[in-house]
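Just so it is clear, none of the values below were taken in a lab; they were calculated from the coordinates. What you see is a predicted model, and the numbers here were worked out from it, not measured in a lab. Cβ sites come from the backbone with ideal geometry, for glycine too, and all protein chains shown count toward neighbours.
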Amino acid sequence: MMLPIKKFTDFIDQNRLFDHKGAVLAAVSGGMDSVLMVHLLKAAGYKLAIAHCNFQLRGDEALADQAFVKALAHQNNIPFYTINFNTREYAAQNKMSIQMAARELRYNWFEQLREQHQYAAIALAHHQNDAIETILLNLVRGTGIAGLHGILPKNGWLVRPLLCFTRNEIENLIKDNGFTYVEDSSNASTKYARNKLRHEVIPKLRELNPSLENTFQNNLERFKDLETLLELRTEELAAKLLSRAGDETHIAIAEVKKLNPQRLLLYKLLQPYGFNEAVVNDIISALDKHSGRVFESPTHQLLLDRDKLIITSTDKNAPETINIAEDDTLVHFGSYLLNILHDDAPVIIKDNPMAVSVDAVKLIFPLTIRSWQQSDVFYPIGMKTRKKLSDFFIGLKVPVHQKTQIPLLINGNGEIIWVGGYRPDDRYKVTENTKKVIIFELFKV
């Protein structure tokens, strides 16, 4: 048996995924990736257990996968856990998609097993190509710096020890060692965006660069290092430039002008106060000519004084910004509850300002729900030109003190999806080409 044990354990140690003291819970589907992960963990001397989910979505094929993984565990004297989920029923009861239901079910169960048996980590079998696909999806849909590092080796209790291997390396290791595995027939379908990238886009990119995986892996390391460097630089600048005066935070304008790159560093300094990139651009443009101008975020106000920026907290009762994960179904924001319903039918909500249906393909998770900001713009439904949200509120005579209480649903790329209770954005409306929708509905509490 020829396995790259040192490469595997070096990656685990370098990223501090887990050690030999505790046992690891390996999530195993029966595919080649998770099968190789089991053999590598066992060969490297780690204590492990195997967990397998049957979502009862593929009939006999799913039963065969379950039997295969059980046999794999028994043949290697590894503790084995399995569970059968009624995924369709769970999805219907919780008003979510089948994919989101399966994700929620399996991760909740993995965490229950981890807590019950005190496993050191939950090992998932993502590899380098999965990370490449994630980055490409993020780039296509729009992303910040964090979206460029792809899948992280460690996220809480979830670890990914195969990220040091490419799909081709895994295939060769499986073949050379004679390991058997099962293949999920849905992996060949290009119906899903990730599979489309895998089968159609990445092969074309590999024609341009045969060493695509190595190049991306090197880039991933650089992106992670740059993100760390930026955070450290921001901490240094905050300690140096931000000063407190009672309830106020001050930043000298002379120091702001010295920042390089100015826009990025000022944005990072003001990000904890809720100011977005568009507002930061406006602040920079006004530095030399608009003393006395006020900029607002959902939580703070920034006054452009003659020689300094003065930041103060505004509405103490303004709701905080809430992140919305792809599998969330109910979110609390201020005096509202936001119900989220996944639906395969292209439903259009009419004559109900408290609900909206949007084209699910255009959403970039995590979404956020927050209060308005001075620089907010959107495209009111039916309009092809953008409108300042402040002008929109003025036109509707919305009282100033109520603005911060109005929930705004924001896409992962920063665009407004819906001014809750008032108007959706035209860019996210359901059309005849829409294949899947997500319905958002607000309730006063």
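Run the reach check for LYS350 against lysines, Cα to Cα strictly under 17 Å, same-chain hits fewer than 8 apart removed. What comes back?
LYS429
Quick one: among MET383, MET100, MET354, which has the greatest mean-square fluctuation in a GNM of the chain with alpha-carbon springs under 10 angstrom?
Residue with maximal mean-square fluctuation among MET383, MET100, MET354: MET383.
Which length gain, in nm to one decimal place, applies between ARG386 and ASP426 when the Cα-Cα distance is subtracted from 0.36 nm times their residue separation?
Net length gain for the segment: 13.4 nm.
Among PHE393, PHE179, PHE378, which comes first, second and so on when ranked by fewest other beta-carbon atoms within 10 Å?
In increasing order of surrounding Cβ atoms, one gets PHE179, PHE393, PHE378.
Give me the angle, in degrees from 0 to 90, between the Cα long axis of helix 212-241 and the longest principal axis of the Cα atoms of the chain, rounded to the nearest 10.
Here the helix axis deviates by roughly 40 degrees.
Sort region 298-445 into rounded, prolate or oblate with this rule: let a ≥ b ≥ c be the square roots of the eigenvalues of the Cα gyration tensor; rounded if a/c is under 1.5, and if a/c is not under 1.5, prolate when a/b is larger than b/c, oblate otherwise.
prolate
So what's the angle, to the nearest 10 degrees on a 0 to 90 scale, between helix 167-177 and the longest Cα principal axis of the chain?
For helix 167-177, the angle is close to 10 degrees.
So what's the back-of-envelope 222 nm ellipticity for the chain, counting only DSSP H runs of four-plus at -39500 (n - 2.57) apiece and dividing by all residues, rounded to 500? Mind showing how you got there, number by number?
Values: 15 runs with 168 residues, N = 445.
Rounded to the nearest 500, it is -11500 deg cm²/dmol.
Which lysines have a Cα less than 27 Å from the Cα of LYS224, not counting those fewer than 8 places away in the same chain?
LYS6, LYS7, LYS154, LYS196, LYS204, LYS240, LYS258, LYS268, LYS362
Whole Å is fine, so just give me how far the alpha carbon centre of region 275-328 lies from that of region 88-130.
38
Sort the following peptides by mean Cβ neighbour count (other Cβ atoms within 10 Å, averaged over residues), highest first: 279-287, 112-120, 405-413.
405-413, 279-287, 112-120
Using only Cα atoms, find the angle between the long axis of helix 5-14 and the longest principal axis of the chain, and express it within 0 to 90 degrees, rounded to the nearest 10.
It works out to around 30 degrees.
Could you tell me whether region 83-137 comes out rounded, prolate or oblate from its Cα gyration tensor? Rule is a ≥ b ≥ c as square roots of the eigenvalues, rounded for a/c under 1.5, then prolate if a/b exceeds b/c, otherwise oblate.
oblate
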